[in-house]
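Structure, as structure tokens:
The values are calculated or read from the model by the stated rules, or taken from the named source; none is laboratory data. These numbers come from a predicted model, not from an experiment. A quick note on method: Cβ atoms are made from the backbone with ideal geometry, for glycine too, and the neighbour counts reach across all protein chains shown. Heavy atoms of the whole protein, side chains included, go into the accessibility calculation; ligands, DNA and RNA do not. Shrake-Rupley method; radii C 1.70, N 1.55, O 1.52, S 1.80 Å.
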Amino acid sequence: MRVNRLSDALGAEVVGIDVSDPATYDFDAVHRAWLAHQVLVFRDQSLAPEDHIAFSRRFGDLEVHLSADHLHPEHSEILLVSTRQENGRYIGAVSAGDYWHSDLSCQRLPTSASLLYALEMPDVGGDTEWADMYAAYETLPAATKARIADLKGVHTFNRMRNPRVHVPEVHNDDAKMRYGERSPDDAIHPIIRTHPETGRKALYVSERFTIGIEGMDDSEAQPLLDELIAHQKRPELIYHHKWTVGDLVIWDNRCTIHYACRGFAPGAIRHLHRTSVIGDVPY
Ligand code: SIN
């Protein structure tokens, strides 16, 4: 197995293993590389849903995503991230990743690892970006680090309560059910998170999910969140991934945020399978 860095910020490709065949890799080495590089790319993989699920389980228990109408029909552990339509309905989460976020930080137990596998890609566009939240924290001004040291962010799934995001047009008709009635309760998490495996500190807010700061009036909280959100997506923190069919990318949501860049033609098919590993209560 060889591990080649993909950017100055974060991300590495792992060469020489077949994810569907455990005999071709040492999982501890893969896990160490993942902790070190935060995002790993495995190219040219040929993964049946069972292979994808089996590899994902090596990282922990899998979660059935709360977008219940976008799950793989035979494997509920797989979320379909897809622009494909059947009978006039999108089969997958067409708007997944449209704002920077860490997966399901709106839950008490947010996702630790996400594993996204590309099955069909548009000719152009459809890229994804990841940003390094260790470096985001480390490069904050000392005064900001001190100011946020004991603060907690309020995270919600409900887009209708978040002025930084829009309800996607495709969900205009069912927004109340999808983002209101079905939303989990707000989750309250430290703004500076300690990674449970590396012990490093990471900035843990995002424009998609963080709507306030516990116990702080919005007149103070919103400008502070604006400052942190602008800081966390500076270009030098980012790895930009151009997908090829057969790519499996695994990322660590405890120390990264990500964004699906779009940029493909209307009607183009972009179809991926995603699994999510249940993480710990952030501290
Ligand atoms: C996601 O946010 O999990 C989806 C990312 C993507 O589709 O590129």
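Report for the chain the percent antiparallel among DSSP-assigned beta bridges with both residues inside it, nearest 5.
Values: 49 of 52 bridges.
In the chain, approximately 95 percent of DSSP beta bridges are antiparallel ones.
Calculate the all-directions average of the projected area of region 71-170's alpha-carbon convex hull, and give it in nm². Walk me through the intermediate numbers first.
Working: hull surface 37.3 nm².
For region 71-170, the mean projected area of the Cα convex hull comes to 9.3 nm².
For the pair residue 176 and residue 2, what calculated FRET efficiency results from E = 1/(1 + (r/R0)^6), where r is the Cβ-Cβ distance and R0 = 30 Å, to the nearest 0.05?
Values: r = 50 Å, r/R0 = 1.67.
With R0 = 30 Å, the Cβ-Cβ based efficiency is 0.05.
For region 69-120, treating each Cα as an identical point scatterer without solvent, what Debye log10 I(q)/I(0) comes out at q = 0.25, 0.26, 0.32 1/Å?
These q points yield log10 I(q)/I(0) values of -1.18, -1.23, -1.35.
Heavy atoms of the protein only, probe of 1.4 Å, neighbouring chains included. What is the accessible area of residue 138 in Å², nearest 10?
About 90 Å², ignoring ligands and nucleic acids.
No solvent, one uniform scatterer per C-alpha: report log10 I(q)/I(0) for region 109-155 via the Debye equation at q = 0.31 1/Å, two decimals.
Treating every Cα as an identical point scatterer, log10 I(q)/I(0) equals -1.20.
Go ahead and set up a Gaussian network model of the chain, Cα springs under 10 Å, then flag whichever of 201, 233, 176 fluctuates most.
176
Can you give the Kirkwood hydrodynamic radius of the chain from its Cα pairs, in Å with one decimal? Display every interim value, and only then the final one.
On the way: mean 1/r = 0.0520 Å⁻¹.
Value: 19.2 Å, from the Cα pair sum.
May I ask you to give the average projected area over all directions of the convex hull of the Cα atoms of region 44-96, in nm² rounded to one decimal?
Taking the Cα atoms of region 44-96, their convex hull projects to 4.5 nm² on average.
Calculated from DSSP H runs of 4 or more alone, at -39500 (n - 2.57) each and per residue, what is the 222 nm mean residue ellipticity of the chain, nearest 500? Write out the running numbers ahead of the final one.
Working: 5 runs with 48 residues, N = 283.
Value at 222 nm, helices only, nearest 500: -5000 deg cm²/dmol.
Can you tally the lysine pairs in the chain where the Cα-Cα distance is under 25 Å and the two residues are eight or more apart, or on different chains? The partial results should precede the final answer.
Details: 145/201; 145/233; 152/201; 152/233; 201/233; 233/242.
Taking the chain as the scope, the lysine pair count is 6.
Can you give me the relative contact order of region 103-242 as a percent, contacts being Cα pairs under 8 Å and 6 or more apart?
Details: 186 pairs, mean separation 50.3, N = 140.
Normalised by residue count, the contact order of region 103-242 is 36 percent.
Extension gain residue 160-residue 230, at 0.36 nm per residue separation less the Cα-Cα distance, in nm? Could you put the intermediate results ahead of the total?
Working: separation 70, 0.36 × 70 = 25.20 nm, distance 2.14 nm.
23.1 nm is the gain from fully extending residue 160 to residue 230.
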